[in-house]
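Engineer: First, the structure itself, so that you have it in front of you.
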Amino acid sequence: MDLVIRHIRLLGDSDNQGPIDIGIKDGLIAIMGSFDGQAEREIDGSGHLALPPFVESHIHLDTVLTAGEPSWNESGTLFEGIRLWQKRKETLTYEDVRSRAEKVLRMQLAAGNLHVRTQADISDPHLTALRALLELRERVKPYMNLQVIAFPQDGIRACPDNAQRLEEALQLGADGIGAIPHLEPTREEGLASLDFVFRLAEKHGCFVHVFCDETDDANSTFLESTAHLAMRSGLRERVTAAHASASAYYSEAYFQKVLGLLARSGVNVVCCPLINSAMQGRFDGYPKGRGITRIKDLWSAGVNVSLAHDDIQTPFYPMGTGSMLQAAHMAAHLGHMMGREEVAELVRMITIRAAATLKLEDYGIGEGKPANLIVLPGQDAMDLVRRQPDCRYVISRGRIVAETQPANSRLFIAT
């Protein structure tokens, strides 16, 4: 063996099952069980948990680490964030994007993320952010999987040049394209933007990742349109609706209709509990909404739901660490998901469900699969979400790519 992890437990195993050894050879998991042989390197799992790597299904790597530039978003609103980003984009350079994005990817790697889907704003004529992120995708490929979605931040109908830029982005190698229908000038223009994106995606067979109803307006109903177009186009599971904040304000009768449509369509829904809990509800009186899509109802109906960070230190959201457990912790509170099975499902939403959103192949821990896994201290899913521990080890293709030494607290009190 090249690497053996001793005394490790798999998340979801029954409490009475003892730890196992995982043997890795040539980048693959060769043995799971008891292993008495020698290896080039052995590490002690100390009874910790082994999970498949975390998956970030929605983030803006082109905007990361720009909070406060050119000024801070004091109102905390989406609209001020957009204005600040428009100003910051005027100074955007290839090296600027690549450098900041790479710093955050390293942060995410240490936090156990080996798969990341990023948005790339294509609303500038040179496609600066897109080109930088596509180059970074190739640089990190030996140890990290990065998907790049061309995102028309300024709209498609509101900014007609973005239609041609989306086509150019696919020619350059983008993995998918997006839309932002709720920010188009009218509902009709929003529907037209969706129709354009789906026709283009059909032509290229790429992913569709829609910024869908990120607003507190119950009249914003592009989630329904996205599900319908996913079925009509046949793209189905290759389609993702991000945010879906307005669904929290739908009437119950209408929500149930949309819920059934989503379940039949195969569309993935990505919830961003950190930024939406901070940004939505800004115009509400009390009681204030929080604009979190109805995670529990979607999951219970069979819709594939994942959780994402969205932003890390940007004009839209000044916080964020890269830890997917932070997003799960926030979702547990805002989604009223505190039951043991519900919390276990939240961990699935940052692992196997997010992997389904990205349509990852050979994802998971099993003999013969690629040796991509993370090791964390904890007893079960509840313990992981409660404590949000650092990854002790991050292993990519059989190689340890990150290691975090545990903190050691010393108490100086009488006992």
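The values are calculated or read from the model by the stated rules, or taken from the named source; none is laboratory data. Keep in mind the model is a prediction, meaning the values are calculated, not measured. Cβ sites come from the backbone with ideal geometry, for glycine too, and all protein chains shown count toward neighbours. Calculation scope for accessible area: heavy atoms of the full protein, side chains included, ligands and nucleic acids excluded. Shrake-Rupley method; radii C 1.70, N 1.55, O 1.52, S 1.80 Å.
Engineer: List pairs: first in segment 110-132 and touching a residue at least 40 places away in the same chain (Cβ under 8 Å) and open to solvent by 10 Å² or more (accessible area, probe 1.4 Å), second of a type in the set (Asp, Glu) and part of a strand (DSSP E or B), Cβ under 8 Å, 6+ apart or cross-chain?
Structural biologist: That search, which allows pairs on different chains as well, returns His115/Glu56.
Engineer: Checking the conditions here, which among Glu95, Glu102 is in a helix (DSSP H, G or I) and open to solvent by 40 Å² or more (accessible area, probe 1.4 Å)?
Structural biologist: Glu95
Table: residues versus (1) at pLDDT below 95; (2) of a type in the set (A, V, I, L, M); (3) within 18 Å of Arg117 (Cβ to Cβ).
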| residue | (1), (2), (3) |
| --- | --- |
| Ile352 | no, yes, yes |
| Lys359 | no, no, yes |
| Asn372 | no, no, yes |
| Arg399 | no, no, no |
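Engineer: Taking Thr240 as the residue in question, decide whether it is on the phi < 0 side of the Ramachandran plot, polar (S, T, N, Q), touching a strand residue (DSSP E or B) at 6+ places or on another chain (Cβ under 8 Å) and part of a helix (DSSP H, G or I).
Structural biologist: Answer is no for this residue.
Engineer: Right, something else. Any residue at all in segment 205-219 that is of a type in the set (Asp, Glu), at negative phi and exposed (fewer than 15 other Cβ atoms within 10 Å of the Cβ)?
Structural biologist: yes
Engineer: Next question. Whether any residue in segment 181-189 is touching a Lys or Arg at 6+ places or on another chain (Cβ under 7 Å) and in a strand (DSSP E or B) is what I want to check.
Structural biologist: Scanning segment 181-189, I find no residue that is touching a Lys or Arg at 6+ places or on another chain (Cβ under 7 Å) and in a strand (DSSP E or B), so the answer is no.
Engineer: Taking the conditions exactly as written (in contact (Cβ under 8 Å) with a residue 40 or more places away in the chain, touching a Lys or Arg at 6+ places or on another chain (Cβ under 7 Å) and closer than 30 Å to Asp44 by Cα), does Gly378 satisfy them or not?
Structural biologist: Spelling it out, Gly378 is indeed in contact (Cβ under 8 Å) with a residue 40 or more places away in the chain, touching a Lys or Arg at 6+ places or on another chain (Cβ under 7 Å) and closer than 30 Å to Asp44 by Cα.
Engineer: Only one of Arg199, Arg165, Arg157 is at pLDDT 95 or above, in a helix (DSSP H, G or I), out of contact with any Pro (no Cβ under 6 Å at 6 or more places or on another chain) and surrounded by 17 or more Cβ atoms within 10 Å (Cβ to Cβ). Can you tell me which?
Structural biologist: On inspection, the qualifying residue turns out to be Arg165.
Engineer: Next up: If I ask for residues that are farther than 13 Å from Asp216 by Cβ and aromatic (Phe, Trp, Tyr), which ones from segment 277-308 would you list?
Structural biologist: Within segment 277-308, Tyr286, Trp299 meet the criteria.
Engineer: Moving on. Keeping to segment 25-51, report how many residues are open to solvent by less than 30 Å² (accessible area, probe 1.4 Å) and β-branched (Val, Ile, Thr).
Structural biologist: The qualifying residues number 2.
Engineer: Here's something else I'd like to know. Return the residues of segment 285-304 that are of a type in the set (S, T, N, Q) and open to solvent by 20 Å² or more (accessible area, probe 1.4 Å); say none if nothing qualifies.
Structural biologist: Hits for segment 285-304 are Ser300, Asn304.
Engineer: Take the conditions in contact with a Phe, Trp or Tyr (Cβ under 6 Å, 6 or more places away or on another chain) and either buried (at least 22 other Cβ atoms within 10 Å of the Cβ) or aliphatic (A, V, I, L, M) (or both) and apply them to Pro181. Does it pass?
Structural biologist: yes
Engineer: Here's another thing I want to ask about it. Being in a loop (DSSP other than H, G, I, E, B), among the charged types (D, E, K, R) and in contact with a helix residue (DSSP H, G or I) (Cβ under 8 Å, 6 or more places away or on another chain) is the filter here, so list the residues in segment 283-304 that pass it.
Structural biologist: Arg290, Arg294
Engineer: Listed residues Leu109, Leu114, Leu65; which is within 18 Å of the chain's Cα centre (by Cα), part of a helix (DSSP H, G or I) and not aromatic (Phe, Trp, Tyr)?
Structural biologist: Leu109
Engineer: For segment 226-234, check the following and say yes or no: at least one residue is over 22 Å from Pro318 (Cα atoms), at pLDDT 95 or above and outside any helix (DSSP H, G or I).
Structural biologist: Yes; the residues of segment 226-234 include at least one that is over 22 Å from Pro318 (Cα atoms), at pLDDT 95 or above and outside any helix (DSSP H, G or I).
Engineer: What's the number of the only condition in (1) farther than 26 Å from Arg88 by Cα; (2) in a helix (DSSP H, G or I); (3) open to solvent by 10 Å² or more (accessible area, probe 1.4 Å) that Phe255 fails to meet?
Structural biologist: With respect to (1) farther than 26 Å from Arg88 by Cα; (2) in a helix (DSSP H, G or I); (3) open to solvent by 10 Å² or more (accessible area, probe 1.4 Å), Phe255 is out only on (3).
Engineer: Okay, next question. Go through the residues of segment 261-284 one by one and say whether even a single one is more than 16 Å from the chain's Cα centre (by Cα), crowded, with 21+ Cβ neighbours inside 10 Å, closer than 20 Å to Gly178 by Cβ and at pLDDT 95 or above.
Structural biologist: Taking every residue of segment 261-284 in turn, at least one turns out to be more than 16 Å from the chain's Cα centre (by Cα), crowded, with 21+ Cβ neighbours inside 10 Å, closer than 20 Å to Gly178 by Cβ and at pLDDT 95 or above.
Engineer: Working carefully through the options Ser75, Ser46, find the one that is in contact (Cβ under 8 Å) with a residue 12 or more places away in the chain, on the phi > 0 side of the Ramachandran plot and either in contact with a strand residue (DSSP E or B) (Cβ under 7 Å, 6 or more places away or on another chain) or not in a strand (DSSP E or B) (or both).
Structural biologist: Ser46
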